[in-house]
1. What whole-number value in Å² describes the accessible area per residue of the range A:154-287 for a 1.4 Å probe?
2. Select from B:Leu175, B:Leu126, B:Leu196 the residue whose mean-square fluctuation is largest in a Gaussian network model of chain B (Cα-Cα springs shorter than 10 Å).
3. Taking 0.36 nm per intervening residue step and subtracting the Cα-Cα distance, what contour gain separates A:Lys256 from A:Ala27 on full extension?
4. Give me the Å³ per residue figure for the convex hull around the C-alpha atoms of the range B:1-52.
5. Rank B:Tyr100, B:Tyr84 by accessible area, highest first, at a 1.4 Å probe radius?
6. Treating the point 7 Å from Cα along Cα-beta-carbon as the label, what are the nm separations from A:Arg24 to the other copies, to one decimal?
7. Just B:Asp183, B:Asp267, B:Asp92 to compare: in a GNM of chain B, with alpha carbon springs under 10 Å, which one fluctuates most?
8. Any idea what the B:Leu168 label distances to the other copies are, label 7 Å down the Cα→Cβ vector, nm, shortest first?
Protein chains: 2
Amino acid sequence: MNLSQTTVSRALNGYPEVSAETRRRVAEMADQLGYAPNSQARRLATGRSMAIGHVIPRSIHEMMNPIFLEFIAGAGETYSRHGYDMMLSVVDDAHEEDAYRQIASRKKADGVIIHGPANDERRHLLLKKLNLPFVVHGRIPGAEAETSWIDMNNRRAFERATNLLLDLGHTRIALLNGLEHMDFAHRRRRGFEDALAGRGLSADPALMRSADMTEPYGCENAVAMLKGDNPPTAFLVSSMISAIGVARGIGQCGLKTGKDVSIITHDDALSFLPNCGEVPIFTCTRSSVRYAGQKAAELLLAMIADPTAKPASLHMDAELIIGQSTGPAPVRES
Amino acid sequence: MNLSQTTVSRALNGYPEVSAETRRRVAEMADQLGYAPNSQARRLATGRSMAIGHVIPRSIHEMMNPIFLEFIAGAGETYSRHGYDMMLSVVDDAHEEDAYRQIASRKKADGVIIHGPANDERRHLLLKKLNLPFVVHGRIPGAEAETSWIDMNNRRAFERATNLLLDLGHTRIALLNGLEHMDFAHRRRRGFEDALAGRGLSADPALMRSADMTEPYGCENAVAMLKGDNPPTAFLVSSMISAIGVARGIGQCGLKTGKDVSIITHDDALSFLPNCGEVPIFTCTRSSVRYAGQKAAELLLAMIADPTAKPASLHMDAELIIGQSTGPAPVRES
DNA sequence: TTGGCCATCCAAACCGCTTTGGATTTGGCT
DNA sequence: AGCCAAATCCAAAGCGGTTTGGATGGCCAA
C-alpha cells in the first residue's frame, strides 16, 4: 500500500480529499486484513463517545419490566443504524445519580434517555447541570417545554377508554392503575376521572388501585372487587399483564369476560403478548413502545448532532381498538 | 496541588508508590472538581475496553422477551460492581456475525455473552477465531467441554415435572414447548420423553407443540387439544406466559385448572410474573434467570482476568415447586 | 560524614486514531 | 512554456490517560 495514516483515515471516513481509486484500494485492504479503527482511539481523538447511556435502577418495579426491554430494542435499532452504541448501566437505586455523573465526567456517553419519569422528577435538573443531552420517555410535569420527550397521550387514551365503557352503559368502572407516583399513571388516572366527571359521575375510591402491574395484582383485585358489594361491571387496566390477571379473576368468580364484566387495557404492543387477530382478545388502547424507542433515539441523536436546536417532542395518540373483552353493561338484577 | 499527572493517576488507581497523605489530597481534589478519568483515554492506554457486549438480533422471537431482560439485569449488576460497562447491540439477524466481528476488530468489548444457543450453533466458532472471550447462556451441543457456559438442567427439570404428573395419574400429557431448534427446548423435550419412556409410555405427537412462547400460543393450543378427542389431562409448558394462556384456554373450555386439568410450567422467576405465595398459582420448575445473569457475568469477568484458565461452567438444577395448578388425574368417565 | 536504600514523585513515551497545515503533483489555461 | 488552482497525499500535533525508567530527598548504618 504505502499510504500514510492520514490518507487511510480519510479514505475510511469518507472525506473528499482522497481519490476514488485510493479509497477503493484502502477499503479493499482493510476488508482483507479485517481492519477497523479501534473505537477507543477514535473516540478519544474525536471527543465523542458515540454511545447513548441508559441508566436503569436495579429495583424491581415498573421499570424492570418487559416494556422497558421493548423500548430498548426500538432504540437499539436506531442507534446501530447511526453507528452509535448502547450502554446500559444497572445500578442500585441509591447510586442512580452517581451513574449519571460518571457518564458525564468520564464521557461514557454523548447523551442519555430518562426512563419512567415520576411526578416529582429531578433527574433532568441534574442532567442539565451536567450538560448531558437527554430525551425523556414520558413527560416531566412542569418541564414539558424545556425538555425533549416522547410520550403517548395517556390522559386522552384513558379518557376515551372510559367514555367507551360509559357509552356501553357501564357506570361502576374499576381502575387498576400503575404506581401513581409515576407520571404516566397519574395522567391515566386523570383521564379516567375526567371522563367520569364529563358524565356527572365521580370515581369511587373503592374501585381504584395503584401498584406494580403484575399478573396477580390484576387477579387479586378483580376478585376482591367482584366479591365485594356493589361490584364493578368493567375494569380499566394499565397493562396487558395485569389485564390477564383480571381476566383470570373474573373467571374465578364464575363470570365471563366481555359479557358479565368488561375489560379495557392499555396495550404496549409487546411482542410476546400479541393482542391482535381480527378481533383481539382485549379491547385496548394501543401504542407501540418499541416505536417510541426508535423515535426517542432519533430525537436524541438529532439533539447531539445539533446542540443548538430547540427541544423537540413527540406526542402520540393511542389507538382505541375494540376486542372481545368489552360488551354492554349487564342489566341490573334487582 | 502541583502534582504530576503520573502521581494523580497512581493515586486514583491505588498504586502503592504514593503516600497516603498525597493520595488523600488527590482524592479530595478530584472529588471537589468532579474529576474522573476520561474512560476513552484510559481504555486506549490500557488496551482494555472494560465493557461486555451483548448482541441481540432484532428478530421478534424467544430472545427478545422478558427473560432476556431479566438476564441482562442480573449481568448488569455484576458488571457495574466490577467497573465494567454493558454494551447492547440490536442488529438485523443477517448482521449478527458482523456485530461480533466489529466488537473484536474495533475492540468494543473485552468479551461477550452468547444468548439462546441453537442446536446448530456456530457463533462460538466465530468467537474463538476472533479470540474474543465469551460465556454461553445455555449450552452448545457438542461443545460443552470447550466452552464456558451457565445453564439449568433443562432435561432433568422436565423429566421431574413429567414424573410428578405421571405420579398423579396423568397419562395424557401435552407438551407446549419453546422452539425446538433452540437447545434448551430440545433438552426439555428429551426430559419429557425420557420420563414417559421410563414408564413404558411414549409421547403422542398430537399433544406436542413447539413455537414462540406467547400467551395466545398457550391458549389456542390448549383449547384445540381439549376439544379434540382423547384430550390431555395435563399440560407441561415451557414458560409462565404460555401457561397463563393455557389456563385461560382451560377456563374457556369450562374446565378448572388444577382439578380437571393440571399444568406445570417452567418459571424463570420474572419479577413481573411472580408465582409465589404460600401456594403459588402454578406448579412449576423454577430457576432464576436473573441469578444466571449474575453468574454468567462473573464467569466471563474471571475469564477475562485470567485468559489462561480452563473453561468453567455452572449447571444448575431447577426447583420443582408445587402450586395450585396440579392435582390427581380425573377419573376417566366411560 | 558518607554511601546506600527506600519512599515519593516526575518527565516522557506510548496507546491508535483524527485533524491541521503544508508539500507535492497534476492539469487546464493563457 | 509558464503559472495557478485543484487534487492528493503526508508529517506531526493533539486527544487524555497509563506506564516506564529514572530523579530527588530523607533516613539510617558504617
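The values are calculated or read from the model by the stated rules, or taken from the named source; none is laboratory data. Since the model is a prediction, treat every value here as computed from it, not as a measurement. Reconstructed Cβ throughout: ideal geometry from the backbone, glycine too, with neighbour counts over all protein chains shown. These accessible areas exclude ligands, DNA and RNA; they are computed on the full protein's heavy atoms, side chains included. Shrake-Rupley method; radii C 1.70, N 1.55, O 1.52, S 1.80 Å.
1. Averaged over the residues of the range A:154-287, the accessible area is 35 Å².
2. Evaluated over chain B, the most mobile residue of the options is B:Leu126.
3. Extra length available between A:Lys256 and A:Ala27 comes to 75.9 nm.
4. 96 Å³
5. Of B:Tyr100, B:Tyr84, the descending order of accessible area is B:Tyr84, B:Tyr100.
6. 6.9
7. B:Asp92
8. Label point to label point, same position, other copies: 3.4 nm.
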